[in-house]
Amino acid sequence: MTTKASSAVTRPASRWCTARRALPAVCVAAALAVAAVVPFFLFFGDAQDMSPLNLTADHLLDGLLTPEFNYGSCRSRYQFASYHRKSSRKPSPYLIAKLRKQEALQKRCGPGTASHKEALRRLEAREGAATNIDNDDECRYLVNISFRGLGNRMLATASAFLYAVLTDRVLLVDGGKDAADLFCEPFPGTTWLLPRPSWWHRRSSPFRNLNIYDEESKESLGHMLQSGAVAASGDGNLSWSSAPRTPPFVYLHLAGGYGYHDKLFFCGKHQRLLRAVPWLLMKTDSYLVPGLFLTPPFRAELEAMFPEKDAVFHHLGRYLFHPTNAVWHNVTSYYNANLAGAGRRVGVQIRVFHEEQPREGVLDQLLSCVRDHKLLPEKKTAAAAAANATSYAVLVTSLSSWYSERIRDEYGSVVAGGVHQPSHEGQQRWFDAAHDMRALSEMYLLSTCDVLVTSGLSTFGYVAQGLAGLRPWVMPRAPSWANDWREGLDPQEPPCRRMASVEPCFHSPSWFDCAAGKDVDLDKVTPYIRRCVDVSWGINLVNESSSQW
């Protein structure tokens, strides 16, 4: 990949050497000079650059990352550790081995390879695969369909990636029109972005318009289970009615509000049914990982990959999501200008889901949380705070600037590092590149904080806490009709509670136990699954040995 630095260096020489009277020897000399200069710009362009030979375990996040990438093409990849506290959670050797194996698979079967071209040809010809296939050399694919806001999309992508690893599939991401503006490629030597079909193949490609797939699609697993496309044998096993061939692809509708038959995705026999299907298309707005832990064929593998169950997104998020240089520049510039000098950074993320909810009630809930848990110094101790070596800075992320202004009124005199808000967009906009770039910058800025206060149900907050490895203080969401945060909640409900885990909440799990054939209490199935603090109907992963980081 050519960087701006290298293109700036090569352009004058290349133009001069195309002139008719240019001397060949001079052009060769110029080319050699450029070749000598380019690596300097790529690896030593600023004070924080380093040669790949100097990458340490910290830069590689204890083996989570591969050193195979060019440093200058994506600075966030190896600079992440410099802006975050050192994590106490280490990726397991088994997880690291699985990541390296997945990288090799992505490179061998990814876009542009002969295997991918052949798989596309078969897909467009609507050719299925042999139902009894068990060939490790066969390339099978999972397409993740982008859906909803950036936080939802990141959690969905992490879920899809983990499912791809578990099922030996190549992950291809339909990232939307702004994907390349947001994230660097996570796999060396290939792309994870789904190539758009050419005009010639568009009519025959199931990728021509991925937005059309929903719970009513005849290609969905749920629809196929009801339409006779799947047959059940006497022993309870499932098979495709099209045997000995599978369907060419199956659509997995796993978005919030999905129905009973789509939720059977989390059953073991349905996973065995899907195993040989060459292409799977997945659409979700959720963090599916707790559901994968409850799926029998995956449980042992996941437990081996993640001995510390509450660190799954902490590892996957830091592995997959590397902001582009433009986004990372925004992160580091703002951090260095406003947060770097603080001894303690307190991040506040406010998400109001209903416009009619009075903002005064939200502010009261936030300030009550801060006071109850002494997250910021009190006014009466201003003199003591000034003498204390620890200086505070507050980072506020919200669509409105009103909250940061009120926090500044309340705490400005005792917060030496100031109260800061990078942006206030007014309203959320999906798939708007500039908006998403600012949102991503603020997620990463929040993840640099030492303490987090977040809004319940918000995927934006989930991403920040996972990247940081912090259990936030989460404010429960009040009903839309409430004038005060206490209305509609249990009278004993505090303004905020500490999350039991840094793991995001799975908002829409299937409560159906496939083996028992009935709904069960999922938080009683295994010690590391609990109901979410912020969403009573959701579940998340916790560390079974300890609730503390």
Can you say whether GLY189 is outside any strand (DSSP E or B) and open to solvent by less than 40 Å² (accessible area, probe 1.4 Å), as far as the supplied structure shows? no
Among the residues of the range 313-346, write down those that are part of a helix (DSSP H, G or I) and touching a strand residue (DSSP E or B) at 6+ places or on another chain (Cβ under 6 Å). ASN338
Considering only the range 444-471, state which residues are surrounded by 24 or more Cβ atoms within 10 Å (Cβ to Cβ) and either basic (Lys, Arg) or without any contact (Cβ under 8 Å) to a residue 40 or more places away in the chain (or both). GLN465
For the range 183-197, pairs from a residue that is of a type in the set (Ser, Thr, Tyr) to a residue that is not in a loop (DSSP other than H, G, I, E, B), with Cβ under 8 Å and 6 or more apart or across chains, are THR190/GLN106; THR190/LYS107
Go through the range 74-100 and give me each residue that's farther than 14 Å from HIS315 by Cβ and open to solvent by less than 30 Å² (accessible area, probe 1.4 Å). CYS74, SER76, ARG77, TYR78, GLN79, TYR83
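I'd like to know if the range 129-138 contains one or more residues that are at pLDDT 95 or above and surrounded by 12 or more Cβ atoms within 10 Å (Cβ to Cβ). Don't jump to the end; show me each part of the working.
Narrowing the range 129-138 to residues at pLDDT 95 or above: none.
Scanning the range 129-138, I find no residue that is at pLDDT 95 or above and surrounded by 12 or more Cβ atoms within 10 Å (Cβ to Cβ), so the answer is no.
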Positions within the range 114-127 being open to solvent by 30 Å² or more (accessible area, probe 1.4 Å) and closer than 20 Å to THR191 by Cα, in sequence order: ALA114, SER115, LYS117, GLU118, LEU120, ARG121
What are the residues in the range 342-371 that are acidic (Asp, Glu) and touching a residue at least 40 places away in the same chain (Cβ under 8 Å), if any? GLU356, ASP364
Which of the residues that make up the range 59-113 are under 20 Å from ALA180 (Cβ atoms) and in contact with a strand residue (DSSP E or B) (Cβ under 7 Å, 6 or more places away or on another chain)? SER76, GLN106, GLY110
Enumeration of residues in the range 498-549 that are under 21 Å from the mean Cα position of the chain (by Cα), among the small types (Gly, Ala, Ser) and either open to solvent by 70 Å² or more (accessible area, probe 1.4 Å) or closer than 19 Å to GLY259 by Cβ (or both): SER508, GLY538
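Can you tell me which residue within the range 285-316, out of those that are within 22 Å of LEU61 (Cβ to Cβ) and of a type in the set (Gly, Ala, Ser), is least open to solvent (accessible area, probe 1.4 Å)? Outline the logic, then answer.
Here is the first cut: in the range 285-316, the ones within 22 Å of LEU61 (Cβ to Cβ) are 287, 289, 301-316.
Still in the running and of a type in the set (Gly, Ala, Ser): 304, 311.
On the way: ALA304: 47, ALA311: 0 Å².
Ranking the candidates gives ALA311 first.
Answer yes or no: is there a residue in the range 221-234 that is open to solvent by less than 10 Å² (accessible area, probe 1.4 Å), closer than 22 Å to THR295 by Cβ and at pLDDT 95 or above.
Filtering the range 221-234 for residues open to solvent by less than 10 Å² (accessible area, probe 1.4 Å) gives 221-222.
Subset that is closer than 22 Å to THR295 by Cβ: 221-222.
From what's left, at pLDDT 95 or above: 221-222.
Yes: one or more hits.
Please tell me if VAL277 is open to solvent by less than 10 Å² (accessible area, probe 1.4 Å), touching a residue at least 40 places away in the same chain (Cβ under 8 Å), more than 22 Å from the chain's Cα centre (by Cα) and under 20 Å from GLY128 (Cα atoms).
On the way: open to solvent by less than 10 Å² (accessible area, probe 1.4 Å): yes; touching a residue at least 40 places away in the same chain (Cβ under 8 Å): yes; more than 22 Å from the chain's Cα centre (by Cα): yes; under 20 Å from GLY128 (Cα atoms): yes.
Answer is yes for this residue.
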Residues that are at pLDDT 90 or above and assigned to a helix (DSSP H, G or I): does the range 379-399 have at least one? no
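Looking at the range 235-262, which of the residues that are touching a residue at least 60 places away in the same chain (Cβ under 8 Å) and open to solvent by 50 Å² or more (accessible area, probe 1.4 Å) is nearest to GLY128 (Cα to Cα)?
Looking at the filtered set, the residue picked out is ARG245.
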For the range 475-497, indicate whether the set of residues that are at pLDDT 95 or above and either open to solvent by 40 Å² or more (accessible area, probe 1.4 Å) or in the same structural domain as GLY259 (by the TED database) (or both) is non-empty. yes
Please tell me if ARG148 is open to solvent by 50 Å² or more (accessible area, probe 1.4 Å), modelled with pLDDT under 95 and under 22 Å from LEU254 (Cβ atoms). yes
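Does LEU452 count as outside any strand (DSSP E or B), in contact with a Gly (Cβ under 8 Å, 6 or more places away or on another chain) and at pLDDT 95 or above?
Numbers: outside any strand (DSSP E or B): no; in contact with a Gly (Cβ under 8 Å, 6 or more places away or on another chain): yes; at pLDDT 95 or above: yes.
No.
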I need the full set of residues from the range 328-351 which are under 22 Å from ALA158 (Cα atoms) and either touching a Lys or Arg at 6+ places or on another chain (Cβ under 6 Å) or not assigned by the TED database to the domain that holds ARG477 (or both), in order please. TRP328
Which listed residue, of ALA255, ALA232, ALA179, is closer than 30 Å to LEU440 by Cβ and out of contact with any Asp or Glu (no Cβ under 9 Å at 6 or more places or on another chain): ALA179
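Report whether or not PHE321 is surrounded by 21 or more Cβ atoms within 10 Å (Cβ to Cβ) and more than 25 Å from ALA439 (Cβ to Cβ). Explain how you work it out, then say what you get.
Details: surrounded by 21 or more Cβ atoms within 10 Å (Cβ to Cβ): yes; more than 25 Å from ALA439 (Cβ to Cβ): no.
No, not satisfied.
The values are calculated or read from the model by the stated rules, or taken from the named source; none is laboratory data. Only a predicted model underlies this, so the values are computations on that prediction, with no experimental measurement involved. Methodologically, a virtual Cβ is constructed for each residue, glycine included, from the backbone with ideal geometry; neighbour enumeration extends over all protein chains shown. SASA here: full protein model, heavy atoms, side chains in, ligands and nucleic acids out. Shrake-Rupley method; radii C 1.70, N 1.55, O 1.52, S 1.80 Å.
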